[in-house]
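**Q** Mind looking over this structure? Questions follow.
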Amino acid sequence: MSTNTKTTEPNAGDNLLMPRALTAENGGKHLMIGEFQEVVKLECTACDGDDEDCEVCSGHGTFTYRVPVGWDTIKEIYQRAADHFGVDPSALLAELSEQAQPAEPSGEEKLEALKNDAHAKLTDAEQAWHAYACECDIGPARVRAFDTYENIRVASRR
């Protein structure tokens, strides 16, 4: 008898989720019943191998017969495979959840991302201050708005 030890690491592309057991409720019985057959060699009782004209064995004394594999045997085979290759769904979900989590960026990556975000916001601020300054009436508010816009525009070039 073989052991229940996995010998190779699974490849995610080679695996799929299946029910733990075959039942009528999950459609397994309907899917599998009658699909598998075993070839059985039987002794001829019609002629005992003495008659070359025997319709059963043609004088060979034996004949082969296809016998459907029983439902209980199919369930046992499936159960053995499920026990050996099966994965605990909660462990699989935990592993998939870990894989879905983005990795923490390194210190340099984080600084680069923050710098890019700051430049993008500075560009947005420059555009917003320009739009605001253009809408202001001529006077001190417009002058202050354009001064602020100019400070932001020059700051983005440093």
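**Q** Whole angstrom only: what separates the Cα centroid of the stretch 97-126 from the Cα centroid of the stretch 34-79?
**A** The stretch 97-126 and the stretch 34-79 have Cα centres separated by 71 Å.
**Q** Mind checking the stretch 10-108 for trypsin sites (Lys or Arg not before Pro) that DSSP puts in a loop (not H, G, I, E or B) and that have at most 13 other Cβ atoms within 10 Å?
**A** Sparse-neighbourhood loop trypsin sites (Lys or Arg not before Pro): R20.
**Q** Just in the stretch 103-158: which chymotrypsin sites (Phe, Trp or Tyr not before Pro) are loop by DSSP and have at most 11 other Cβ atoms within 10 Å?
**A** Qualifying residues, ordered by number: none.
**Q** 222 nm [θ] for the chain, helices only, -39500 (n - 2.57) per DSSP H run of 4+, per residue, to 500?
**A** -16000 deg cm²/dmol
**Q** Under a point spin-label approximation (7 Å from Cα along Cα-to-Cβ), what is the N15-H119 distance to one decimal in nm?
**A** Result for the modelled spin labels: 4.2 nm.
**Q** Tell me, rounded to the nearest percent, the portion of alpha carbon pairs in the chain spaced more than 26 Å apart.
**A** In whole percent, the long-distance tail amounts to 68.
**Q** A further question follows. Per residue, how big is the convex hull of the stretch 19-97 when only Cα atoms are used? Give it in Å³.
**A** 118
**Q** Sticking with this structure for a sec: Add +1 for every Lys or Arg and -1 for every Asp or Glu among the other residues with Cβ under 15 Å from the Cβ of I77, and state the total.
**A** Around I77, the charge tally is -1.
A short reminder: the numbers here are calculations on the coordinates, not readings from a lab. No experiment lies behind these values; they were computed from the predicted model shown. When we count neighbours, we look across all protein chains shown, and the Cβ atoms used for this are built from the backbone with ideal geometry, even at glycine.
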